Amino acid sequence: QVQLVESGGGLVQPGGSLRLSCAVSGRTFRNTAMGWFRQAPGKEREFVAALIWSSSNTYYRDSVKGRFIISRDNANNTVFLEMNSLKFDDTAVYYCAAQLASTTQSIWNFRMYAYWGQGTQVTVSS
């Protein structure tokens, strides 16, 4: 099994930066995808970014391209989401997720991820 533990959320001003961390334990496979999703009150869960563990290929939703960076630390089994130039619309609960047998299509769909962290709140406010 895979266990995910998120940290790093908090309150930040517009234009500020924040880095989320996701500690990964358990076995991973060659096609494992690590994803970040977010959900604001009253809205559906949406894809933010993903990384393929073995290749380090990365994917982003259009609204965060150029602002967010997903990366990994192999030695410490940790996935990061660096968020810059934060906006009011970035306010949400952010979740780390793992998909063990991903494809180019499946990484975009939260229903394809079997493992989830507990979530961490990110609030962007002046």
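The values are calculated or read from the model by the stated rules, or taken from the named source; none is laboratory data. It should be emphasised that the depicted structure is a prediction, and the values quoted were computed from it without experimental measurement. Counting neighbours? That spans all protein chains shown, and the Cβs are built from the backbone with ideal geometry, glycine included. Please note that ligands, DNA and RNA were not included when accessible areas were found on the heavy atoms of the full protein model with its side chains. Shrake-Rupley method; radii C 1.70, N 1.55, O 1.52, S 1.80 Å.
Tell me whether the range 73-113 comes out rounded, prolate or oblate; compute the Cα gyration tensor, take square roots of the eigenvalues as a ≥ b ≥ c, and use a/c under 1.5 as the rounded threshold. Working shown, then result.
Details: a/c = 2.45, a/b = 1.30, b/c = 1.89.
Since a/c reaches 1.5 but b/c is at least a/b, the shape of the range 73-113 is classed as oblate.
How much net charge surrounds residue 99 when only the other residues with a Cβ under 13 Å from the Cβ of residue 99 are counted, with Lys and Arg +1 and Asp and Glu -1?
Working: positive: 30, 111; negative: none.
Local charge sum for residue 99: +2.
If you filter the range 44-82 for GluC sites (Glu not before Pro), then keep DSSP loop positions with at most 10 other Cβ within 10 Å, what is left? The partial results should precede the final answer.
Numbers: sites: 44, 46, 82; in loops: 44.
Sites meeting the loop and neighbour criteria: 44.
Take the alpha carbon gyration tensor of the chain, find the square roots of its eigenvalues, order them as a ≥ b ≥ c, and report rounded if a/c is under 1.5; if not, report prolate when a/b exceeds b/c, else oblate.
prolate
Mind checking the dipole of the chain: about its Cα centre, +1 per Lys or Arg Cβ, -1 per Asp or Glu Cβ, Debye to the nearest 20?
Values: 12 positive and 8 negative charges, 39 e Å.
So the dipole magnitude of the chain works out to roughly 180 debye.
Between residue 45 and residue 76, with labels modelled 7 Å along Cα→Cβ, what's the label distance in nm to one decimal, could you check?
2.6
Per residue of the range 40-49, what does 6.51 cos²θ - 1.76 cosθ + 1.60 with θ = phi - 60° give for ³J(HN,Hα)? Whole Hz please, x for Gly and Pro, Karplus curve as stated.
Ordered by residue, 3J(HN,Hα) equals 8, x, x, 10, 6, 5, 10, 5, 10, 7 Hz.
Could you look at the chain and say what percent of its accessible area is carbon and sulfur, using a 1.4 Å probe and all protein chains?
On the way: 3100 of 6690 Å².
Solvent-exposed carbon and sulfur of the chain make up 46 percent of the total.
For the chain, with every protein chain kept in place, what is the accessible area per residue (1.4 Å probe, Å²)? Walk me through the numbers before you get to the answer.
Numbers: 6690 Å² over 126 residues.
Accessible area per residue, the chain: 53 Å².
Highest mean first, what order results for 20-29, 52-61 on Cβ atoms within 10 Å?
Numbers: 20-29: 16.6, 52-61: 14.8.
Ranking, from highest mean packing down: 20-29, 52-61.
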